[in-house]
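In what follows, a single structure is set out as structure tokens and then discussed.
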Amino acid sequence: MTFWREKTLKQMSPAEWESLCDGCGKCCLHKIREADGTLKLTTVACRLLDTQSCRCGNYGRRKALVPDCVVLTPASVRKINWLPETCAYRLLAEGKDLPAWHPLITGDPASVHTAGISVRGRAISERDAGPLHEHVTDAI
């Protein structure tokens, strides 16, 4: 079933909503917002992100453990300007389809890694990183 083509984000069940996450880990990377409003990406991941699986190590309690963790909702997805261009939530909110490598298309949860979309091998935990400004990147 291609529920993402048949339903709006708001119409999706909690299970459908959660299945949209491709497990890239990009949204768990720290960003630096400059005084002028520009956003800089870093390769530094939230301490809860498992940088190999690219999944949250404590998803159910993430907001309690990391108070500034952003919990995505159908309404918030439309307002957040830092979601990756490959993010399924962003793509669907913009009226686009899922990319060919997305796990819902391939049936393989590892397809995001195989396609080189995830942060696997490119992110460092905030516990090991040191100053954020030392890890600014143009893209990940």
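Some notes on this structure:
- Separation of segment 1-54 and segment 76-140, taken as the distance between their Cα centroids, equals 6 angstrom.
- Shape call, segment 74-140: gyration tensor on alpha carbons, a/c limit 1.5: oblate
- Note on the chain: Cα convex hull, mean projected area over all directions, 8.8 nm².
- Counting only DSSP H runs of at least 4 residues, each contributing -39500 (n - 2.57), and dividing by the residue count of the chain, the helix-based mean residue ellipticity at 222 nm comes to -4500 deg cm²/dmol.
- Here the chain is treated with +1 on each Lys and Arg Cβ and -1 on each Asp and Glu Cβ, and its dipole about the Cα centre works out to around 340 debye.
- For residue 31, no residue has an amide H sitting under 5 Å from its own, ignoring neighbours fewer than 5 places away on the same chain, with H placed 1.01 Å from N.
- The amide H of residue 125, built 1.01 Å from its N in the peptide plane, has 45 as neighbours under 5 Å, considering only residues 5 or more places off or on other chains.
- Out-of-range pairs (alpha-carbon distance over 28 Å; input 7/40; 31/79; 7/31): 7/40; 7/31
- The loop-placed chymotrypsin sites (Phe, Trp or Tyr not before Pro) in segment 46-97, going by DSSP, that have at most 14 neighbouring Cβ atoms within 10 Å of their Cβ come out as 82.
- Of the residues 11, 54, 24, the one whose Cα sits farthest towards the positive end of the charge dipole of the chain is 11 (charges of +1 on Lys and Arg Cβ, -1 on Asp and Glu Cβ, taken about the Cα centre).
A short reminder: the numbers here are calculations on the coordinates, not readings from a lab. Since the model is a prediction, treat every value here as computed from it, not as a measurement. Backbone-built Cβ (ideal geometry, glycine too); neighbour counts: all protein chains shown.
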